[in-house]
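Here the structure is laid out as structure tokens; the discussion comes afterwards.
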Amino acid sequence: MDAHLLAEEKLAILQAADPRRRWHSLDDRRVCVLCGRAITGRQIDITRDSLGSYSLHCPTPGCPSLPNDWFYLGNAYSNPKHPEQHSSEANFFG
């Protein structure tokens, strides 16, 4: 179904379906903890059921993961494109 979605539509679906992590663009990267693959928003498979609900799936064949299984790759707060983000982790070194 992805082939029929505009980039803006796909990004909006990712943002709505993954409330735990922010998606700023389709080039944002995540790592799937079930298969270990690094993925971008562009690679995520999106399907729509007969009631109009969207489902997101890892693009790795046979991987059953969903958005809750995808985590930021590396340090999510080190991206200079998004300086408004701040880590909630304590800094013990200064």
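Pairs are defined by a Cβ separation below 7 Å, a sequence spacing of at least 6 or placement on different chains, a first member in segment 29-50 that is touching a residue at least 40 places away in the same chain (Cβ under 8 Å) and within 16 Å of Gln15 (Cβ to Cβ), and a second member that is of a type in the set (Phe, Trp, Tyr) and surrounded by fewer than 15 Cβ atoms within 10 Å (Cβ to Cβ); the pairs so defined are Arg30/Phe71. For the structure I just gave you, tell me whether Asp45 is touching a helix residue (DSSP H, G or I) at 6+ places or on another chain (Cβ under 7 Å) and not hydrophobic (A, V, I, L, M, F, W, C). So Asp45 fits the description; yes.
If only one of Pro59, Pro64 is modelled with pLDDT of 85 or more, in a loop (DSSP other than H, G, I, E, B), out of contact with any Cys (no Cβ under 6 Å at 6 or more places or on another chain) and surrounded by 13 or more Cβ atoms within 10 Å (Cβ to Cβ), which one is it? Break it down stepwise before answering.
Working: Pro64 fails: surrounded by 13 or more Cβ atoms within 10 Å (Cβ to Cβ).
Being modelled with pLDDT of 85 or more, in a loop (DSSP other than H, G, I, E, B), out of contact with any Cys (no Cβ under 6 Å at 6 or more places or on another chain) and surrounded by 13 or more Cβ atoms within 10 Å (Cβ to Cβ) holds for just one of Pro59, Pro64, which is Pro59.
Tallying residues that are part of a loop (DSSP other than H, G, I, E, B), at pLDDT 95 or above and among the hydrophobic types (A, V, I, L, M, F, W, C) within segment 34-52 yields 3.
In segment 2-33, the residue that is modelled with the lowest pLDDT out of those that are outside any loop (DSSP other than H, G, I, E, B) and of a type in the set (Asp, Glu) is Asp2.
The values are calculated or read from the model by the stated rules, or taken from the named source; none is laboratory data. Everything numeric in this text was worked out from a predicted model, so none of it was measured. With ideal geometry, Cβ positions are generated from the backbone for all residues, glycine too; neighbour counts draw on all protein chains shown.
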